[in-house]
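Okay, so here's the structure we're looking at.
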Amino acid sequence: MSAVNDTKFQSAVFFLTGILGQEDSYVWISIPFCLTYVTSILGNSLILFIIKSDPNLHEPMYIFLSMLAVTDLGLSISTMPTTLGIFWFNSREISHDSCFAQLFFITSVSFTESSVLSSMAFDRFVAICNPLRYASILTPPRVAMMGLMSLLRGLVLILPLPILLKQHRYCHANILSHSYCLPQEVMMMACSDIRVNIICGLFVTVSSVGLDFLLILLSYVMILKTVLSIASHTERLKALNTCVSHICVVLLFYMPSIILTVIYTFGKNLSPFVEIVMGNAYLLLPPLINPIVYSVKTKPIRARIIKVFIK
């Protein structure tokens, strides 16, 4: 009888709420979201163009930066169309397959970006702690292999996620509190046992994003140890200054993710608005701010951008 009821009430679609309680202001809210989307696309595309067009920037640091720009483009493209569709056309329905595809791309791109950030930390570690062997350690084939492994890891680790979600029946409330699909929310809609999903998701997150974060932390411990051993105060500041952009990008990527995970785990009594704000910050801010950080803090890229606009 239970199986019959589950099938009876199973819905073929999910409904995206957007920003709950702000429906009358969607036209105005869409303006900053649209500007964020356009700026993210233009900013990251400009970074890619600058690096590709200048042979002097075909170095490991800038190749990793171009990988970061590609993942940021992926995050923007996989999230913003559904968000703007809600704001402009009240397009709230999303089929199960479309939702699973979206959350697969969002999660795999996020995990790939985490791997790229870890590779960039390794680049800074080699440049500061072993500068004489930098060129021999980070050779072009090795850099390409690191980028390929980051992509494959993001795809392979997340591939079971939509497959597992597709096996469930969704007979509970089918309203998602964001303007895009997130795995944590979709799992809560299932009326069957989701323990396998939770265990799998925890394992994948710890073995990928958690490991990346630890590797980044270890890299900076070693970097700090090396920098403190430098006698010259000026040289110490110069060495640390090469890491500022990466540190900003790492904090921008991991902090909203950590806060969002804590909210989903322990923040049952928090306002849904806080959850929505952090969900948007987690996916929308890195693609917007990363190009700005590297454009401002990286002298060769800043100089090339100025030349482009002057011409």
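The values are calculated or read from the model by the stated rules, or taken from the named source; none is laboratory data. Just so it is clear, the structure is predicted and the values come from calculations on it, not from any experiment. Cβ placement follows ideal geometry from the backbone for every residue including glycine, while neighbour counts extend to all protein chains displayed.
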Next item on the list: From Val250, Val244, grab the single residue that is of a type in the set (A, V, I, L, M) and surrounded by 17 or more Cβ atoms within 10 Å (Cβ to Cβ).
Entry: Val250
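Does at least one position in the range 62-69 carry a residue that is of a type in the set (A, V, I, L, M) and more than 19 Å from the chain's Cα centre (by Cα)? It would help to see each step written out before you state the result.
Just the residues of the range 62-69 that are of a type in the set (A, V, I, L, M), to begin with: 63, 65, 67-69.
Subset that is more than 19 Å from the chain's Cα centre (by Cα): none.
Checked against the condition, which is being of a type in the set (A, V, I, L, M) and more than 19 Å from the chain's Cα centre (by Cα), the range 62-69 yields no hits at all.
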Note to self: Which numbered condition in (1) in contact with a Gly (Cβ under 6 Å, 6 or more places away or on another chain); (2) assigned to a helix (DSSP H, G or I) is the only one that Leu214 fails?
What the structure shows: (1)
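Name the one entry in Ile63, Ile50 that is surrounded by fewer than 22 Cβ atoms within 10 Å (Cβ to Cβ), over 26 Å from Met189 (Cβ atoms) and at pLDDT 90 or above. Full working, then the answer.
Details: Ile50 fails: surrounded by fewer than 22 Cβ atoms within 10 Å (Cβ to Cβ).
Residue meeting the stated conditions: Ile63.
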Checklist line | Odd one out for Cys171 among (1) surrounded by 18 or more Cβ atoms within 10 Å (Cβ to Cβ); (2) under 23 Å from Pro286 (Cα atoms); (3) touching a helix residue (DSSP H, G or I) at 6+ places or on another chain (Cβ under 7 Å) | finding: (2)
Notebook entry, point to check: Which residue pairs have Cβ atoms under 6 Å apart, sit 6 or more places apart or on different chains, and have a first residue in the range 229-245 that is without any contact (Cβ under 8 Å) to a residue 12 or more places away in the chain and a second that is among the basic types (Lys, Arg) and in a helix (DSSP H, G or I)?
Noted result: Ile230/Arg236
